[in-house]
Amino acid sequence: MRIVISGAGIGGLTAALALIRKGFEVTICERTEAFAPIGAGIQIGPNASRVLLALGLEQALASVVCEATGKEVRLWNTGETWPLFDLGADCRERFSAPYWTVHRGDLHQVLVDAVEALSPGALQLGHAAKDVSQSSAGAILHTSSGNVVGDVVIAADGVHSSLRSALFQSPKARFTGLMAWRGLAPMEALPDALRHPVGANWVGPGAHIITYPVRDGTRLNFVGVVENDNWTSESWSESGTHEECAADFMGWHPHVQQIIHALETPFRWALVEREPLQTWSQGRVAMLGDACHATLPFLAQGAGMAIEDGWILADCLAESPLHPETALQRYASLRQPRTAAVIAGSSANTGRFHNPDLAHPERARAYIQAQWEPDKVRQRYDWLFDYDALSATQGPKTAQPQTNG
Ligand SMILES: Cc1cc2nc3c(=O)[nH]c(=O)nc-3n(C[C@H](O)[C@H](O)[C@H](O)COP(=O)(O)OP(=O)(O)OC[C@H]3O[C@@H](n4cnc5c(N)ncnc54)[C@H](O)[C@@H]3O)c2cc1C
């Protein structure tokens, strides 16, 4: 059976690897002519790392991922710190898989290398998908460089998916009024107090910041989200200045200012909310990753959901290779409740991270202690990390949130 995948991002490459390992013939058509290490850090919770481990990538990832020892919440102006959860040994023990932080470009390169090693020539660059057509016997991906014929076509072409527009009505997109600054700061440029392997969620009125180590601990990844109606470009590569970024966090703790001034390049990116697509498959064509369930980044699960999709899609096709249409419907029915819950949980975190109470010294402490109380944190995160994509096709175990976010 030949599977054609449009889009060699995190989800498309994971699906390709899982499919090739199950004996499918795979062609991946990617729009880009040459990959560049654009982007910054992403987080890979144990729900996604267990898939990457099952794909045999542990050794290749070892030199690029960071395994932070913990995550903490910090108050924007005083820097007061509360533990959020343990990430190192405790995470491995509770969820049988690590919590990794990694530069997207590094993870992407590991996936590209693994696909090329297993199936040389499977990855075709400079093939921008335009449309898809199908019959009862097969499906054809129409690209800028010609047609590619397969038994099944998978649309993994990201948040601005061309195939989604060709097949379905695009979901409603709503600009959230939030903008994210992103960038990397060399660890050696930071004060000692910031050079430890932990992630931090700084929370404040109308803004929050996430930091964590990447690139084998040599860089600190910074994402600073602010309420800002003036920046609406949803791009990974538009930069701003250090002064503009620092101005958005005026009055925040000196550690925040030190990180901002150490950033190599501050990039900015408008945050857009989309409803998940209601229908993910049409005959022999199915959607995967951001193309069908883009999420706000406030549960750090965008890449994780695409990775889970890739594994489960391969499992479903391997179960019913003679009935690909049924396999694709089953894949969608397994994945839709999970990804919808992640989207809802991420949206719910916006209000939690930016609560106005955080502006008032007395109310801020009480608010943080109530919201990040250990039982509540477990309710908000354990269902995410506990989900086992590796066994999702085998039984009814579908970890669901106990609260909406
Ligand atoms: C360059 C880049 C940088 C990113 N940086 C970050 C970051 O710093 N932090 C973060 O949280 N998330 C980042 N993301 C998004 C993150 O990778 C995704 O949210 C997540 O991994 C879901 O993966 P996906 O496979 O669905 O989409 P993506 O990983 O976005 O992959 C989609 C792929 O499809 C390709 N594509 C698009 N249109 C077409 C077409 N018409 N035909 C063929 N191929 C097409 C794209 O070039 C890309 O390779 C970035 C995405 C990209 C493309």
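Collect the residues in segment 262-318 that are in a loop (DSSP other than H, G, I, E, B), within 11 Å of the ligand (Cβ to nearest atom) and small (Gly, Ala, Ser), keeping them in residue-number order. Gly289, Ala294, Ala300 - these are the residues of segment 262-318 that are in a loop (DSSP other than H, G, I, E, B), within 11 Å of the ligand (Cβ to nearest atom) and small (Gly, Ala, Ser).
Checking the stated criteria, Ile210 turns out to be under 20 Å from Thr101 (Cβ atoms), within 13 Å of the ligand (Cβ to nearest atom) and at pLDDT 90 or above.
Assess whether Ala166 counts as being among the hydrophobic types (A, V, I, L, M, F, W, C), within 10 Å of the ligand (Cβ to nearest atom) and either closer than 30 Å to Leu17 by Cβ or not in a helix (DSSP H, G or I) (or both). Yes: the conditions hold for Ala166.
Among the residues of segment 177-192, those identified as more than 15 Å from the ligand (Cβ to nearest atom) and either out of contact with any helix residue (DSSP H, G or I) (no Cβ under 7 Å at 6 or more places or on another chain) or more than 30 Å from Thr218 (Cα to Cα) (or both) are Gly177, Met187, Glu188, Asp192. Out of contact with any strand residue (DSSP E or B) (no Cβ under 7 Å at 6 or more places or on another chain), more than 10 Å from the ligand (Cβ to nearest atom) and over 30 Å from Asp131 (Cα atoms) - does that describe any residue in segment 62-69? Yes, there is a match, as at least one residue in segment 62-69 is out of contact with any strand residue (DSSP E or B) (no Cβ under 7 Å at 6 or more places or on another chain), more than 10 Å from the ligand (Cβ to nearest atom) and over 30 Å from Asp131 (Cα atoms). A single member of Gly56, Gly79, Gly39 is out of contact with any strand residue (DSSP E or B) (no Cβ under 8 Å at 6 or more places or on another chain), at pLDDT below 95, surrounded by fewer than 24 Cβ atoms within 10 Å (Cβ to Cβ) and in a loop (DSSP other than H, G, I, E, B), and it is Gly79.
Ile44 - would you say it is β-branched (Val, Ile, Thr) and over 21 Å from Met187 (Cβ atoms)? The answer is no for Ile44. Among (1) free of Cβ contacts under 8 Å to residues at least 24 places away in the same chain; (2) surrounded by 15 or more Cβ atoms within 10 Å (Cβ to Cβ), which single condition is Gly105 missing? Of everything listed in (1) free of Cβ contacts under 8 Å to residues at least 24 places away in the same chain; (2) surrounded by 15 or more Cβ atoms within 10 Å (Cβ to Cβ), Gly105 misses just condition (1). Can you spot a residue in segment 282-290 that is at pLDDT 90 or above, surrounded by 23 or more Cβ atoms within 10 Å (Cβ to Cβ), over 19 Å from Trp181 (Cα atoms) and of a type in the set (Gly, Ala, Ser)? Yes, segment 282-290 contains at least one residue that is at pLDDT 90 or above, surrounded by 23 or more Cβ atoms within 10 Å (Cβ to Cβ), over 19 Å from Trp181 (Cα atoms) and of a type in the set (Gly, Ala, Ser).
Filtering segment 42-53 to residues that are outside any strand (DSSP E or B) and of a type in the set (A, V, I, L, M, F, W, C) leaves Ala48, Val51, Leu52, Leu53.
Ser49 passes every criterion in (1) out of contact with any helix residue (DSSP H, G or I) (no Cβ under 8 Å at 6 or more places or on another chain); (2) modelled with pLDDT under 95 apart from (2). For segment 334-351, residues that are surrounded by fewer than 17 Cβ atoms within 10 Å (Cβ to Cβ) and either of a type in the set (Val, Ile, Thr) or touching a residue at least 60 places away in the same chain (Cβ under 8 Å) (or both) total 3. In summary, Ser170 fulfils each of the numbered conditions (1) farther than 17 Å from Pro266 by Cβ; (2) touching a residue at least 60 places away in the same chain (Cβ under 8 Å); (3) touching a helix residue (DSSP H, G or I) at 6+ places or on another chain (Cβ under 9 Å) with the single exception of condition (2). Scanning segment 1-36 for residues that are modelled with pLDDT under 95 and within 9 Å of the ligand (Cβ to nearest atom) yields Phe35, Ala36.
Checking the stated criteria, Ile44 turns out to be within 15 Å of the ligand (Cβ to nearest atom), under 24 Å from Lys376 (Cα atoms), crowded, with 22+ Cβ neighbours inside 10 Å and at pLDDT 95 or above.
The values are calculated or read from the model by the stated rules, or taken from the named source; none is laboratory data. Computed from a prediction, not measured in an experiment: that's the story for all the values here. Cβ: placed from backbone, ideal geometry, glycine included. Neighbour counts: every protein chain shown.
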